[in-house]
């Protein structure tokens, strides 16, 4: 097979064609690409049109990160972008895995990338391993939103349903809010939630401000808060979504109000109904965590493939990752002293 990869200017891309894929997620929309550009330094977005002979197959989306002036990395996505996956938008998603080596080679030869990592939500781990690719996997949870609302509610754990009823019985409510006041509230709760684990958030408040700015106009983000009859806001939630998939960004809270109002479950149930009514097919809880089983979702495996032209780089990357989280934990402890 002869594949042709054509790099296109993101500003001039045909959005009608760019968005016309059943498996497209928010992470390869122009709105999200602008979010990455505004929140990451030394990043160049790259979009490739992919052809087999003259047949158009779809797109590959990623970004080149330049470190130390000349060390270039292809991230599709890369760690720290609040981005779960990017990779391919194809009419036939089964063609993705055989296209990976061609895309990696393109970025090695045309952009001199020494390291590449690619993730698609529909990558199958066994198929990747058969192709002798280096795979990193993690587990999360998703709910099938095509089920009737009554069925979705019945799948919630007994304790989750009890907490939702308690929230309603206390005349608490859920409100949408996209203001700067919401950003401040969410951020303060996020800092407290991470602090309980001896950590600090891996991004700053500006990241949330830019996310809302880029996504709110087209209804691609849901920002909600729990409100008590006294006007207290014990918890917040941010969800993003496009097409078939919605994804949780975070659901932090003020810990002192947790037992009194049990707000998190009510926020999550509101979000599930919101995205179902918008036509999404899947609700992703944003990564792992045993506590997420209470919402009745099914486990899903996220797979990332990586390639390096430098021997030993994979080991160095893992060392850097461990060092980052140790430093993050140290910073959090210093702030609380």
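The values are calculated or read from the model by the stated rules, or taken from the named source; none is laboratory data. This one's a predicted model, so the numbers in the text were calculated from it and none came from an experiment. Here Cβ is always computed from backbone atoms with ideal geometry, including for glycine, and neighbour counts include all displayed protein chains.
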Query raised in the report: Looking at 279, 288, which is the one that is under 15 Å from the mean Cα position of the chain (by Cα), surrounded by fewer than 19 Cβ atoms within 10 Å (Cβ to Cβ) and assigned by TED's automatic domain parsing to the domain that holds residue 161?
Result: 288
Query raised in the report: residue 242: closer than 30 Å to residue 300 by Cα and surrounded by fewer than 16 Cβ atoms within 10 Å (Cβ to Cβ), yes or no?
Result: no
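Conditions tested, residue by residue: (1) under 22 Å from residue 284 (Cβ atoms); (2) part of a strand (DSSP E or B); (3) without any contact (Cβ under 8 Å) to a residue 12 or more places away in the chain.
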| position | (1), (2), (3) |
| --- | --- |
| 6 | no, yes, no |
| 36 | yes, no, no |
| 41 | no, no, yes |
| 49 | no, yes, no |
| 65 | no, yes, no |
| 108 | no, no, no |
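Residue-wise test of (1) buried (at least 18 other Cβ atoms within 10 Å of the Cβ); (2) assigned to a loop (DSSP other than H, G, I, E, B); (3) outside the structural domain of residue 67 (by TED's automatic domain parsing).
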position: 98; (1), (2), (3): no, no, no
position: 103; (1), (2), (3): yes, no, no
position: 116; (1), (2), (3): yes, no, no
position: 153; (1), (2), (3): no, no, yes
position: 156; (1), (2), (3): yes, yes, yes
position: 163; (1), (2), (3): yes, no, yes
position: 166; (1), (2), (3): no, no, yes
position: 171; (1), (2), (3): no, yes, yes
